[in-house]
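One structure below.
The values are calculated or read from the model by the stated rules, or taken from the named source; none is laboratory data. For clarity, every value in this text was computed on a predicted model and none was experimentally measured. Reconstructed Cβ throughout: ideal geometry from the backbone, glycine too, with neighbour counts over all protein chains shown. SASA here: full protein model, heavy atoms, side chains in, ligands and nucleic acids out. Shrake-Rupley method; radii C 1.70, N 1.55, O 1.52, S 1.80 Å.
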Amino acid sequence: MDFTDEMLMEIGPADYVIRVHEAPSQLPQADWNALLAAQAQPTPFMRLEYFSALHESGSATAATGWQTQFVSLWREDQLLAACPAYLKSHSYGEYVFDWAWADAYQRHGLHYYPKLLVAVPFTPVPGSRLLAVNAEARQLLIQGLQALATRQGLSSAHLLFGDSADLDAAQQQAWMQRQGVQFHWQNRTPLPYASFEDFLSTLQREKRKKIQQEQRRVREAEVHFEVRQGAQISEADWDFFYHCYQLTYRAHRSTPYLTRAFFRLMSRDMAEHWLLFTAVRAGEPIAVSLLAIDAVQGSAYGRYWGTVESVSCLHFDACYYQPLAWCIANGYQRFEGGAQGEHKMARGLLPVSTHSSHWLAHPDFSNAVADFLAQEGQAMRGYVNELEEHQPYKA
């Protein structure tokens, strides 16, 4: 039976069916989202509406190098496990860098692309990737992914920014592990911060004074912030945000990954998960910072920023200080500042290890990558230890 239609797997006394889907709309949204809610580390970016918006808006499709190959596991009409998967013709928009691996394949006359990728496009947010009712179903799902890669003659399969259950399932299949680092803020426990000033008081003196100085420069420029959440974000707000979003990419001589249609679908289908900070001067908007939020988990995620004019320290205020103040005021427990950036430590965000899993079909390349990852992992652990020695908080 052709795998792209369905594949039967005999496991114990029952039949399991693995299916591959060419569009998120082929999966039952309620069942997918119910699976997601039951995982250890759900995020809004794993909701089926998010993937549908990426697909329907033309942001993540075969034409942009993201050919949908979502994988699901069924017993009769019950969805037991599912994950987002893509055939990738490049490595853009992933934030776990394997360009050197692709280059090595090319130099040896082999094709690295297409590869199979389990990830959320353009979204380096750690969380559950292999949605499953239990460990057995998760293990069958990872076996199905490897079987799909093998049947299609792909070079490799990769799982990015998964949670511990995902990593355990992949490791049981002998997938290689890779470590990265991000910078996240955690609210104080057991007594949460009473205010942004309370948070500042816990920082070392030089860090606190620098933040106060940066915010003062924004105020002296006569800039204030307006905050809108969910349905409060108007079409005009989204238009201005997207204009700024495009300018940010243009400044880096790049092209935006996401289309305006994607954010239009977000405002329609997932409005409650978005928070917009607009910097205003003389009655006119001059910059924006967009966050995703999850009220159930008490988590906020820094996503995109842009400005139409330069104001000293505005980026730090819009992307860190205003979001942190909002999180504290609204009782949120976590703020993730996005990929990379040691400068975030001076703003109270601390290093957090991230993880990915990798399977390469070619045994020689697999061994070579395993050696590389062992050396890289040792260096990364040393780097994280060094970062932790430079805590911004008082002793």
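Residue-wise test of (1) in contact with a strand residue (DSSP E or B) (Cβ under 8 Å, 6 or more places away or on another chain); (2) surrounded by fewer than 20 Cβ atoms within 10 Å (Cβ to Cβ); (3) at pLDDT below 95.
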position	(1), (2), (3)
GLN297	yes, yes, no
TYR321	no, no, no
ARG334	yes, yes, no
HIS343	no, yes, yes
GLU386	no, yes, yes
ALA395	no, yes, yes
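Exactly one residue among PRO28, PRO42 is touching a residue at least 24 places away in the same chain (Cβ under 8 Å), surrounded by fewer than 22 Cβ atoms within 10 Å (Cβ to Cβ), in contact with a Ser or Thr (Cβ under 8 Å, 6 or more places away or on another chain) and within 28 Å of SER299 (Cβ to Cβ), and that residue is PRO42. Beta carbons closer than 6 Å, at least 6 apart along the sequence or on distinct chains, pair a first residue in the range 220-246 that is closer than 18 Å to ARG303 by Cα with a second that is assigned to a helix (DSSP H, G or I) and aliphatic (A, V, I, L, M) for GLY230/ALA271.
Only one of HIS355, HIS390 is out of contact with any helix residue (DSSP H, G or I) (no Cβ under 6 Å at 6 or more places or on another chain) and either open to solvent by 30 Å² or more (accessible area, probe 1.4 Å) or hydrophobic (A, V, I, L, M, F, W, C) (or both). Can you tell me which? Steps first, answer last, please.
Numbers: HIS355 fails: out of contact with any helix residue (DSSP H, G or I) (no Cβ under 6 Å at 6 or more places or on another chain).
Only one candidate passes the filter, namely HIS390.
Within the option set ARG47, ARG75, being more than 18 Å from the chain's Cα centre (by Cα), farther than 27 Å from MET380 by Cβ and of a type in the set (Lys, Arg) holds for one residue only, ARG75.
Can you find, within the range 70-123, the residue that is most open to solvent (accessible area, probe 1.4 Å) among those that are among the hydroxyl-bearing types (Ser, Thr, Tyr) and either modelled with pLDDT under 95 or outside any strand (DSSP E or B) (or both)? Please lay out each step first, then the result.
From the range 70-123, those among the hydroxyl-bearing types (Ser, Thr, Tyr) are 72, 86, 89, 91-92, 95, 105, 112-113, 123; that's our starting set.
Within this subset, residues satisfying the condition of being either modelled with pLDDT under 95 or outside any strand (DSSP E or B) (or both) are 89, 91-92, 95, 105, 112-113, 123.
Working: SER89: 72, SER91: 6, TYR92: 128, TYR95: 80, TYR105: 8, TYR112: 6, TYR113: 60, THR123: 4 Å².
Taking the candidates together, the pick is TYR92.
Just wondering, is there one or more residues in the range 248-268 that are in a helix (DSSP H, G or I), at pLDDT below 95, farther than 22 Å from PHE161 by Cβ and aliphatic (A, V, I, L, M)? Taking every residue of the range 248-268 in turn, at least one turns out to be in a helix (DSSP H, G or I), at pLDDT below 95, farther than 22 Å from PHE161 by Cβ and aliphatic (A, V, I, L, M).
All conditions in (1) among the aromatic types (Phe, Trp, Tyr); (2) in contact with a Phe, Trp or Tyr (Cβ under 6 Å, 6 or more places away or on another chain); (3) assigned to a strand (DSSP E or B); (4) open to solvent by 10 Å² or more (accessible area, probe 1.4 Å) hold for TRP305, with the sole exception of (2). For TRP238, the stated conditions hold: it is open to solvent by less than 30 Å² (accessible area, probe 1.4 Å) and in contact with a Phe, Trp or Tyr (Cβ under 7 Å, 6 or more places away or on another chain).
Applying a threshold of 7 Å to beta carbon distances and a minimum spacing of six or more residues, or different chains, the list of pairs starting in the range 250-264 at a residue that is free of Cβ contacts under 8 Å to residues at least 12 places away in the same chain and ending at one that is among the polar types (S, T, N, Q) and open to solvent by 40 Å² or more (accessible area, probe 1.4 Å) reads PRO256/GLN246.
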